Amino acid sequence: MSVIPFAIAWFLADNPGKVKLGTNNGELISPPLTTEISDFTGYDSFSADNIKQLQGHWILINVLQQHECQKVCQEGLYKTQQITLMMGKDIARIRRLAVIFNQAAQPLPKQWQEDARLLKVLPAERLKATIQGISAADQPGALLVMDPLGNLMMKYDPGYDPYKVRNDLSKLLRISQIG
């Protein structure tokens with residue numbers, strides 16, 4: 001009986017990939033990538049007027065890299081809307097952001113253009129390549145999470161489960177002393 005714990009420890013030391021450490025469902029971005037409010041420009045007048053709301057809040061970022069907002073993109077925007085509603089009393093600590101890469105096109109349907117809780121922004125040139133690299137440019141519909149200090153710190157692949165994102169966000173908000 002006393003040999004069993006040592007055998008398990010030996011096996012796990014030789015096979016570290018067999019055990020998933022942590023309880024997060026998303027993939028941590030390590031090291032976190034720092035951004036600033038000045039890295040974003042409002043896409044429309046509403047977003048330009050309210051861009052200061054990003055400071056000091058947790059931000060769910062939908063990356064819209066295509067010329068038009070296809071089904072996957074629309075599902076991602078809908079999921080982030082539902083996640084914020086699921087957060088209950090913590091809804092005031094969260095903001096939603098759509099990062100649009102092509103200003104000439106109208107990628108959002110009318111319902112998302114009129115959404116009063118969705119800020120639409122254009123990224124600075126230095127930030128474009130970074131966001132595209134993180135969010136898998138070939139797979140639209142990914143989600144990024146930014147902390148109140150402006151660090152891109154977690155990502156979710158397209159087709160993510162909004163309940164798992166809500167669980168991760170609840171944990172982050174519970175232990176966070178900021179935002």
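At-a-glance table
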{"quantity": "All positions within region 28-45 that are surrounded by 15 or more Cβ atoms within 10 Å (Cβ to Cβ) and within 25 Å of ASP168 (Cα to Cα)", "calculated": "ILE29, PRO32, LEU33, THR35"}
{"quantity": "Residues of region 48-101 satisfying the condition of being among the aromatic types (Phe, Trp, Tyr) and in contact (Cβ under 8 Å) with a residue 24 or more places away in the chain", "calculated": "TRP58, PHE101"}
{"quantity": "Residue identified as surrounded by 17 or more Cβ atoms within 10 Å (Cβ to Cβ) and at pLDDT 90 or above among ILE100, ILE83, ILE131, ILE91", "calculated": "ILE83"}
{"quantity": "Cross-chain or 6+ apart pairs with Cβ under 8 Å, region 34-47 first and small (Gly, Ala, Ser), then not in a strand (DSSP E or B)", "calculated": "SER38/ALA124; GLY42/ALA48; GLY42/ASP49; GLY42/ASN50; GLY42/ILE51"}
{"quantity": "Failed item in (1) of a type outside the set (A, V, I, L, M); (2) crowded, with 17+ Cβ neighbours inside 10 Å; (3) under 16 Å from GLY76 (Cβ atoms); (4) at pLDDT 85 or above, with GLY150 passing the rest", "calculated": "(3)"}
{"quantity": "Index of the failed condition, ARG126 passing every other in (1) within 15 Å of ILE94 (Cα to Cα); (2) modelled with pLDDT under 90", "calculated": "(1)"}
{"quantity": "Region 113-123, subset of a type outside the set (Lys, Arg) and part of a loop (DSSP other than H, G, I, E, B), residue modelled with the lowest pLDDT", "calculated": "GLU114"}
{"quantity": "Flag for ILE8 being aliphatic (A, V, I, L, M) and closer than 30 Å to GLN113 by Cα", "calculated": "no"}
{"quantity": "Close pairs (7 angstrom Cβ cut-off, 6 or more residues apart or separate chains): on the phi > 0 side of the Ramachandran plot and in contact (Cβ under 8 Å) with a residue 24 or more places away in the chain in region 158-179, part of a helix (DSSP H, G or I) and not polar (S, T, N, Q) anywhere", "calculated": "GLY179/ARG93"}
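This table checks each residue for (1) within 20 Å of LYS164 (Cβ to Cβ); (2) surrounded by 17 or more Cβ atoms within 10 Å (Cβ to Cβ); (3) of a type outside the set (S, T, N, Q).
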{"position": "ALA9", "(1), (2), (3)": "no, no, yes"}
{"position": "SER47", "(1), (2), (3)": "no, yes, no"}
{"position": "ASN50", "(1), (2), (3)": "no, no, no"}
{"position": "GLY56", "(1), (2), (3)": "no, no, yes"}
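The values are calculated or read from the model by the stated rules, or taken from the named source; none is laboratory data. Bear in mind the structure is a predicted one, so any value in this text is a computation, not a measurement. Note: ideal-geometry Cβ built from the backbone for every residue, glycine included; neighbour counts use all protein chains shown.
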